[in-house]
Amino acid sequence: MAGAILDPDMSVPGSTVRLGRRAFSSAGRTLAHAVAVAMLSAGACANPTSTLVIVQNQQPTVDDSNACVVSSDSSESPTSTGFYDVDLDRAYPYYLYPLIQNRLPSIKTAGGIERNSIVLQRVQVTVHAPPGVDAGWDPRCPATFDSPATAVLDPSQARAVRVEGMRTCHGQRLRALIDEGAIPADTSQPVYFTVELTAVADRAGSTQRSDSFPFQVQVCAGCLQSMYPVVPLCADAPHPNPYTGNPCNIAQDKGTVLCCRNPGGDLVCPAP
């Protein structure tokens, strides 16, 4: 219970002892005060290891209405690496779905108010280029940024949130690096960028930070596209299109997408 905060009207789940003022004699109050001071000294103002944890990166699924769904169940199969196709009709972000858990014990007041709830505020993201590659990120598109993420986490509760692991501006720069020959385009010469996540939350006015969670993303051009680098005219593409890509984001991870060119020569993904 290092880091727990004792309240005068607090009860501890699993105990028959109430810590309210009226339940103690003068000697009991002295003892309770000593225990509270000792517990606070043990780390109430610190961020205990494993207080806030990124358990894994969830794999989103698609429901019957073709909507993207992300489970908060840690028994779901996590993803350990991803693919990011940066040569589509426009720049797309790359999303991650971290499962974040509050591992503090439950401590409630006599009135039933939970004292160890945590309010998730954001996820800090840092994009690391592979060794030997200078990404040359634009100052307006830095390697480290905050991705908004909000959730209330009660003790032992876990929630999955969607965060931008790489923004559209990162995708544009990655495409430029391929054009410049700084990184290869195809998967036969895999290039992995590491996306490092840190969850940031508030607990009773104290900032809580998780340990960093690294996730590798293989960057490529056309690796998720059917027929690439050949692109049919939209008039010649099959109808209906059998390859519409990942409904959660056509630029990432899985699901083949067939693109086409319209009469003006513009790329359209997926082909209509």
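Express the relative contact order of the stretch 194-270 as a whole percentage, based on alpha carbon pairs under 8 Å and six or more residues apart in sequence. Intermediate results must be reported in sequence, preceding the final value.
Details: 111 pairs, mean separation 17.8, N = 77.
Answer for the stretch 194-270 is 23 percent.
Per 0.36 nm of contour for each residue apart, how much would the distance between ASP63 and LYS254 grow if the chain were fully extended, relative to their Cα-Cα spacing?
Taking 0.36 nm per residue and subtracting the Cα distance, the gain is 67.1 nm.
So if we plug the beta-carbon distance of ASP211 and VAL268 into 1/(1 + (r/R0)^6) with R0 = 35 Å, what FRET efficiency do we get, rounded to 0.05?
0.25
Counting Lys and Arg as +1 and Asp and Glu as -1, what is the net charge of the other residues whose Cβ lies under 9 Å from the Cβ of GLU114?
That works out to +1.
For the residues ASP146, ASP134, what sequence is obtained by ranking on other C-beta atoms within 10 Å, fewest first? If you can, show how the numbers build up before the last one.
Working: ASP146 14, ASP134 8.
Fewest-to-most ranking of ASP146, ASP134: ASP134, ASP146.
Would you mind calculating the gained length between SER71 and THR168 on full extension (0.36 nm times residue separation, minus the Cα-Cα distance), in nm to one decimal?
Full extension of this stretch gives 32.4 nm more.
Write down Rg/Rh for the stretch 47-268, rounded to two decimals, with Rg from the C-alpha atoms and Rh from the Kirkwood relation over Cα pairs. Don't skip to the end; give the middle numbers.
Details: Rg = 20.0 Å, Rh = 19.1 Å.
With Rh from the inverse mean 1/r over Cα pairs, Rg/Rh is 1.05.
Please sort 218-231, 171-184 by packing, taking for each peptide the average over its residues of neighbouring beta carbons within 10 angstrom, highest first.
Peptide ranking by packing, descending: 218-231, 171-184.
Could you tell me the center-to-center distance, by alpha carbons, between the stretch 199-272 and the stretch 165-180 in angstrom?
13 Å
Can you bin the stretch 143-188 into rounded, prolate or oblate? Criterion: square roots of the alpha carbon gyration tensor eigenvalues sorted a ≥ b ≥ c, rounded for a/c under 1.5, prolate for a/b above b/c, oblate for the rest.
Because a/c hits 1.5 or more and a/b exceeds b/c, the stretch 143-188 counts as prolate.
Once the Cβ-Cβ distance between SER80 and VAL200 is put in as r, and R0 is 22 Å, what FRET efficiency do you end up with, to the nearest 0.05? Display every interim value, and only then the final one.
Numbers: r = 23 Å, r/R0 = 1.06.
The computed FRET efficiency comes out at 0.40.
Report the label-to-label distance for THR187 and VAL152 in nanometres (one decimal), using points 7 Å from each Cα along the Cα→Cβ vector.
4.3 nm
Just so you know, all these numbers are worked out from the coordinates, no wet-lab data involved. Please read all numbers here as calculations on a predicted model, not as lab measurements. Positions of Cβ are backbone-derived with ideal geometry, glycine not excepted, and every protein chain shown enters the neighbour counts.
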